[in-house]
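Written below as structure tokens is the structure these notes are about.
The values are calculated or read from the model by the stated rules, or taken from the named source; none is laboratory data. Computed from a prediction, not measured in an experiment: that's the story for all the values here. Here the Cβ is made from the backbone with ideal geometry for all residues, glycine too, and neighbour counts use every protein chain on show.
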Amino acid sequence: MAASMVDSVKTRRERSKAARKDASELVASRPYLIEQDWTAYTPEQHAIWRELVTRRLPQLHEHASRTYLEGFDQIGLQVDQLPELAKVSARLESRTGWNSTPVSGFLPSDAFFEMLAARRFPTTTWIRSREAMEYTPEPDIFHDVFGHVPMHAHPVFADFLQEYGRVCAGLKSAEALERMGRLFWFTVEFGVIHEEGRVKVYGSGLISSHGECTHVVERGSGLEIREFDLAKVMDTVVDVSRMQPVLYAIESFEQIYEAAREAESQLGE
Ligand SMILES: [Fe+2]
């Protein structure tokens, strides 16, 4: 048992090393890569970041997975200023080989999967206005960096996300991709985990949204938290226009890493 676990960690490490790519090697995502001009942010934009972060942290200290909270410190996020992606990536790369790579906005799916498979997280650089503090239809730097990137400091979650991108990049059928989209939704975006006898949040949609997170921690009306089950996750149709009625709680990040590999064997073409 011990030997096979060591082997599987070693195998994961080797796969992850092989996956890393220089930005110049990206093909489908290349047109969307930009530079972050950190010096161009205004004092008002730094103030919006500070307000957003300050508003979220008290609830997260109580209800976020320790993996998220540790990642927040490990990647050096600061409360009072917008993150500089190159500095975040320098800290991340030495831990898990992930990079928070600036992009111009939404990516087509082939570009998105290519970047995940190369351990690069497509990261927007714009920040919402004061009129849209709680919600933006498109992800901004707050959703992307505050919501997603701290999780990339965790070795197993980091490997899961790369595997997810690799598996999706190899799929052609719209139905298979739709099913994989649900796996992403119920983990990366709206994931919850059993920790210390409670349900804690780790998905970026819950981390970055006070309303969505409150719905979960206060067990809002109609909310059902089920045990994670790959087949059921991939069967659950998502309605993005309303608070989530069902979430799937994992026991460990190994569980979703294995789920991504299992999904490949079920859906692979
Ligand atoms: Fe997201």
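Can you find a residue in segment 49-60 that is farther than 30 Å from His194 by Cα and touching a helix residue (DSSP H, G or I) at 6+ places or on another chain (Cβ under 9 Å)?
no
What is the one condition in (1) part of a loop (DSSP other than H, G, I, E, B); (2) surrounded by 14 or more Cβ atoms within 10 Å (Cβ to Cβ); (3) of a type in the set (D, E, K, R) that Glu254 does not satisfy?
(1)
Scan segment 121-138 for residues that are under 20 Å from Gly191 (Cβ atoms) and surrounded by fewer than 22 Cβ atoms within 10 Å (Cβ to Cβ) and report the count.
1
Can you confirm whether Glu262 is away from the ligand (no atom under 16 Å from the Cβ) and within 27 Å of Leu69 (Cβ to Cβ)?
When the stated conditions are applied, Glu262 does not pass them.
Condition (residue is among the small types (Gly, Ala, Ser) and in a loop (DSSP other than H, G, I, E, B)) applied to segment 40-57: is it met by at least one residue?
No: zero hits.
Name the residues in segment 92-125 that are part of a helix (DSSP H, G or I) and either in contact (Cβ under 8 Å) with a residue 24 or more places away in the chain or in contact with a Lys or Arg (Cβ under 6 Å, 6 or more places away or on another chain) (or both), would you?
Passing the criteria: Leu92, Arg95, Thr96, Ser109, Asp110, Ala111, Phe112, Phe113, Glu114, Met115, Leu116, Ala117.
So which of Asp37, Asp80, Asp22 ends up being farther than 27 Å from Ile250 by Cα, loosely packed, with under 13 Cβ neighbours inside 10 Å and modelled with pLDDT under 95?
The conditions single out Asp22.
Among (1) more than 16 Å from the ligand (Cβ to nearest atom); (2) at pLDDT 95 or above; (3) farther than 21 Å from Ile207 by Cβ, where does Glu131 come up short?
Going through the list (1) more than 16 Å from the ligand (Cβ to nearest atom); (2) at pLDDT 95 or above; (3) farther than 21 Å from Ile207 by Cβ, Glu131 breaks only (2).
Under 7 Å between Cβ atoms, which residue pairs at least 6 apart in sequence (or on different chains) link something in segment 135-153 that is under 18 Å from Phe112 (Cα atoms) with a partner that is within 11 Å of the ligand (Cβ to nearest atom) and assigned to a helix (DSSP H, G or I)?
Sorted first by the residue in segment 135-153, then by its partner, the pairs are His143/Ser204; Gly147/Ser204; Gly147/Ile207; His148/Ser204.
Applying the selection to segment 70-90, what residues are touching a residue at least 24 places away in the same chain (Cβ under 8 Å), farther than 15 Å from Leu161 by Cβ and assigned to a helix (DSSP H, G or I)?
Glu70, Phe72, Gln74, Leu85, Ala86, Val88
Scan segment 130-164 for residues that are among the β-branched types (Val, Ile, Thr) and out of contact with any Asp or Glu (no Cβ under 6 Å at 6 or more places or on another chain) and jot them down.
Thr136, Ile141, Val145, Val149 - these are the residues of segment 130-164 that are among the β-branched types (Val, Ile, Thr) and out of contact with any Asp or Glu (no Cβ under 6 Å at 6 or more places or on another chain).
Considering only residues that are aliphatic (A, V, I, L, M), assigned to a helix (DSSP H, G or I) and farther than 14 Å from Leu223 by Cβ, look in segment 181-213 and name the one that is farthest from the ligand (Cβ to nearest atom).
Leu183
Scan (1) over 18 Å from Val145 (Cβ atoms); (2) under 19 Å from the mean Cα position of the chain (by Cα) for the single condition Arg30 breaks and write down its number.
Tallying (1) over 18 Å from Val145 (Cβ atoms); (2) under 19 Å from the mean Cα position of the chain (by Cα), Arg30 fails exactly one: (2).
Being away from the ligand (no atom under 16 Å from the Cβ), closer than 21 Å to Val238 by Cβ and of a type in the set (A, V, I, L, M, F, W, C) is the requirement here; does Leu161 meet it?
Criteria not met by Leu161.
Of the residues Ala111, Ala118, Ala64, which is in contact with a strand residue (DSSP E or B) (Cβ under 7 Å, 6 or more places away or on another chain) and within 25 Å of Gly191 (Cα to Cα)?
Only one candidate qualifies: Ala64.
Say whether the condition of being within 21 Å of Asp239 (Cα to Cα), in contact with a Gly (Cβ under 7 Å, 6 or more places away or on another chain) and within 16 Å of the ligand (Cβ to nearest atom) is met by at least one residue in segment 111-118.
No, segment 111-118 contains no residue that is within 21 Å of Asp239 (Cα to Cα), in contact with a Gly (Cβ under 7 Å, 6 or more places away or on another chain) and within 16 Å of the ligand (Cβ to nearest atom).
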